[in-house]
Amino acid sequence: MNDIMRSILEKLYQICLNLKELIKQKSITIDNQKEKIMITEKPSEKLYRISKKNLGKDLSPTQNELGCAESINQLHKIAFGDEIGGGSSTYLLWQALKKRNDFVVCDYEVGAIIISPTGTSRLGGNVKGHAGVCGKFQIMSNNSLTGLFDTKYTKISWENYFEKKLKFPIYYFRKIG
């Protein structure tokens, strides 16, 4: 193998190593220039990642049975430094989501907040709503039985239970900023 080929292969090898680090750290150093290129994570992707990382944890320290909105607020605080609003009320969380400029209404997508707010069921009365974060295959939310953040629902099971059985509307909000 000649020197030119060896030099090219060595550079390709270095590029591969740098790409491996980029994937690992989400940044890369290009040759000796020490210039960093950052790969940015969308806010909804960050909320999904933080939610997934917190599965199995108690994110609602003051609530168990009614801890879903509190859990969503805690996740947002971990990811972005502040709560969305509304405390442990799904209705007030929904109101806060509608007022914030960093959320937009969307359809089901990974990282979106799904919410069927208490007080919006067509059955009336004191039917409790629910809130969670949409995942790839399941919805992550507080489990009232255990008090832990887990994956009890899928999109279909949420629709069957909250929309069809309990007559709730379903809203989705994507974090954009």
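Every number in this text was worked out from the coordinates using simple rules, so none of it is lab data. What you are looking at is a predicted structure, and each value in this text was computed from that prediction instead of being measured. We place every Cβ from the backbone using ideal geometry, glycine too, and count neighbours over all the protein chains shown.
Exposure proxy shown here: for D82, D150, the number of other Cβ atoms within 10 Å sets the order, fewest to most, as D82, D150. Cross-linked pairs K57/K99; K52/K77; K52/K152; K52/K155; K53/K99: Cα-Cα separations exceed 24 Å for K57/K99; K53/K99. With the cut-off at 1.5 for a/c, could you classify region 43-175 from its C-alpha gyration tensor as rounded, prolate or oblate? Rounded, since a/c falls under 1.5. Within the listed set T90, T151, T40, the residue fluctuating most in the Gaussian network model of the chain (springs between alpha-carbon atoms under 10 angstrom) is T40.
Here the chain is treated with +1 on each Lys and Arg Cβ and -1 on each Asp and Glu Cβ, and its dipole about the Cα centre works out to around 260 debye. Give me the percent relative contact order of the chain, please, defined on Cα pairs under 8 angstrom at least 6 residues apart. Reported as a whole number, the value is 23 percent. Mean sequence separation of contacting Cα pairs (under 8 Å, at least six apart), scaled by the length of region 54-111, corresponds to a relative contact order of 22 percent.
Which helices count as membrane-span-like in the chain under these terms: full DSSP H, at least 20 Å along the axis by C-alpha, Kyte-Doolittle mean of -1.0 or more? Mind dumping the intermediate values first?
Numbers: long enough: 3-25 (33 Å, 0.09).
Sorted by number, the helices that extend far enough and score high enough are 3-25.
Remark: F173, F149, F80, F137 ranked as F137, F80, F173, F149, counting other beta-carbon atoms within 10 Å and listing the fewest first.
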